[in-house]
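J.: Handing you this structure, nothing more for now.
The values are calculated or read from the model by the stated rules, or taken from the named source; none is laboratory data. Here the structure is a predicted model, which is why all the values come from computation and not from measurement. Cβ: placed from backbone, ideal geometry, glycine included. Neighbour counts: every protein chain shown. Heads up: the accessible areas ignore ligands, DNA and RNA and are worked out on the full protein's heavy atoms, side chains in. Shrake-Rupley method; radii C 1.70, N 1.55, O 1.52, S 1.80 Å.
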Amino acid sequence: MNSASCAAKISTQPFSLNPTSPASHDRPLVSPKPASLFLGSTRKLRLSSSSKLNLHRRSGTVVAVSDVVKQKKSKSTHSLLITKEEGLELYEDMILGRAFEDMCAQMYYRGKMFGFVHLYNGQEAVSTGFIKLLKQQDSVVSTYRDHVHALSKGVPARAVMSELFGKTTGCCRGQGGSMHMFSREHNLLGGFAFIGEGIPVATGAAFTSKYKREVLKEADCDHVTLAFFGDGTCNNGQFFECLNMAALWKLRIVFVVENNLWAIGMSHLRATSDPQIYKKGPAFGMPGIHVDGMDVLKVREVAKEAIGRARRGEGPTLVECETYRFRGHSLADPDELRDPAEKAHYAARDPITALKKYLIENSLASEADLKAIDKKIDEVVEDAVEFADESPVPSQSQLLENVFADPKGFGIGPDGRYRCEDPKFTEGTAHV
């Protein structure tokens with residue numbers, strides 16, 4: 001794809017990608033101190049005399065995933081990373097994520113959604129690159145920025161939009177909202193509002209796979225779990241505890257760090273003693289790898305290796321995807337803390353634009369093909385909005401459902417009716 005994009009970087013822990021592959025010719029971001037190895041910056045970006053960003057590359061072993069693939073397919077004439085069908089699938093999924101989130105912004109400001117809504121614009125390469133490689137039985141555990149993860153896993157746009165509208169037709173019947181997408185059918189085990197709280201759930205899901213295979217003797221159970229979380233989470237205790245357990249038990253899990261360089265308004269470099277998150281993997285006996293999260297093809301190649309490794313029972317992998325969100329932390333954030341030059345730099349590396357360019361330049365798709373997908377997705381998103389808007393709101397009787405293991409112990413009265421339907425209940429005078 002983009003010849004100026006960042007390459008995947010592997011820590012000193014051995015990994016199946018070729019560690020001797022030639023370095024990429026990136027234009028990395030200026031770091032705040034000359035000694036810093038990180039691509040992000042807390043200082044204003046400096047412009048070179050040629051009016052282009054003067055960027056420093058991370059040191060250490062560098063692997064260009066595209067080069068690795070070319071070596072693997074050296075006998076191939078074109079050495080393409082994907083087929084036409086795969087390329088169109090990736091493009092459609094990324095377009096769906098972007099268009100859906102753009103529509104969410106419109107609906108939020110029109111008062112159709114409530115609470116905090118965190119959009120995923122700019123990070124689509126990570127969700128698409130990883131999740132579209134999964135089987136239906138594989139699990140995904142997300143964060144509060146979970147709409148697009150749900151869509152990539154196959155949850156219908158109607159169900160996600162209805163959930164955002166708080167309607168009964170939502171994937172959680174309107175009780176989850178933006179930050180708590182869940183679908184048992186699609187093995188989406190939830191979005192989680194508090195950072196880090198989803199990682200233990202993902203670790204438990206991976207342990208379930210191990211238990212089924214080794215204790216229940218389900219020999220064909222090779223289900224993989226993806227745990228998504230951000231850079232700010234990597235300083236929390238759950239992160240380290242779960243990496244330790246996953247490595248100890250060789251669980252089928254991939255820890256995917258969506259490092260968008262900012263934890264709300266806190267620069268990653270200001271909050272972390274060693275900003276290279278992927279290096280934390282080897283400390284627990286697992287491979288750690290850094291990849292350009294703005295390049296869906298590079299993400300996909302790394303994801304193939306990590307997911308395949310997990311499925312073979314070879315243990316977990318920590319993957320740091322360096323990406324960038326194009327909007328504020330949430331729709332309530334005016335996004336005034338990040339430097340305009342930094343935002344412009346990443347906007348110029350839009351992952352969807354890069355994939356579109358790759359598809360056309362390699363004759364995998366025409367402009368007409370891609371415009372047809374754009375039109376299709378616009379219709380899907382419009383339909384989702386109409387469906388959500390016309391769907392009914394939950395009844396009051398739904399309020400206490402799924403609160404207690406035995407709802408009859410509190411939520412349902414002796415007469416079989418829900419207690420919340422009693423006017424005295426909300427007044428606090430009902431006999432319970």
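J.: Could you please report the charge total around Lys375, scoring K, R as +1 and D, E as -1 over all other residues with beta-carbon less than 12 angstrom from its beta-carbon? Write down the numbers at each step before the final one.
T.: Details: positive: Lys371, Lys376; negative: Glu92, Asp369, Asp374, Asp378, Glu379, Glu382.
Around Lys375, the charge tally is -4.
J.: Only sites in a loop by DSSP and with at most 16 other Cβ atoms within 10 Å count here; which chymotrypsin sites (Phe, Trp or Tyr not before Pro) in the range 187-247 make the cut? Before the final figure, lay out each step's value.
T.: On the way: sites: Phe192, Phe194, Phe207, Tyr211, Phe228, Phe229, Phe239, Phe240; in loops: Phe192, Phe194.
Sites meeting the loop and neighbour criteria: Phe194.
J.: Also: For the range 84-395, what is the accessible area per residue in Å² when the probe is 1.4 Å?
T.: Details: 11820 Å² over 312 residues.
That works out to 38 Å² for each residue.
J.: Still on this structure, I have one more. If you find the alpha carbon centre of the range 269-319 and of the range 79-144, how far apart are they in angstrom?
T.: Cα centres, the range 269-319 to the range 79-144: 20 Å.
J.: Could you list the GluC sites (Glu not before Pro) in the range 124-194 that lie in coil according to DSSP, counting only those with at most 13 other Cβ atoms within 10 Å of their Cβ? Don't skip to the end; give the middle numbers.
T.: Details: sites: Glu124, Glu163, Glu185; in loops: Glu185.
Answer in residue order: Glu185.
J.: Looking at the range 84-395 only, what percent of DSSP beta bridges run antiparallel? Nearest 5 please.
T.: Numbers: 3 of 24 bridges.
That works out to approximately 10 percent antiparallel.
J.: For the range 84-395, just say rounded, prolate or oblate: build the C-alpha gyration tensor, square-root its eigenvalues into a ≥ b ≥ c, call rounded for a/c under 1.5, and beyond that prolate if a/b exceeds b/c, oblate if not. Please report the intermediate quantities before stating the final value.
T.: Numbers: a/c = 1.33, a/b = 1.24, b/c = 1.07.
Since a/c stays below 1.5, the shape of the range 84-395 is classed as rounded.
J.: In the neighborhood of Ile360, defined by Cβ-to-Cβ distances under 13 Å, what is the net charge if each Lys or Arg adds +1 and each Asp or Glu adds -1? Can you show the working numbers first?
T.: Details: positive: Lys84, Lys356, Lys357, Lys371; negative: Glu361, Glu367, Asp369.
That works out to +1.
J.: A further question follows. May I ask which of Lys84/Lys298; Lys135/Lys280; Lys84/Lys375; Lys84/Lys250; Lys84/Lys371 have a Cα-Cα span longer than 25 Å here?
T.: Numbers: Lys84/Lys298 17 Å; Lys135/Lys280 28 Å; Lys84/Lys375 19 Å; Lys84/Lys250 35 Å; Lys84/Lys371 15 Å.
Pairs exceeding 25 Å: Lys135/Lys280; Lys84/Lys250.
J.: Now, a different point. Which percent of the accessible area of the range 84-395 is formed by carbon and sulfur heavy atoms (probe 1.4 angstrom)?
T.: Details: 6300 of 11820 Å².
Carbon and sulfur together cover 53 percent of it.
J.: Please compute the net charge surrounding Leu189, taking Lys and Arg as +1 and Asp and Glu as -1 over other residues with Cβ under 14 Å from its Cβ. Spell out each step's value before the answer.
T.: On the way: positive: Lys153, Arg184; negative: Asp138, Asp146, Glu185, Glu197.
Spelling it out: positives minus negatives among the neighbours equals -2.
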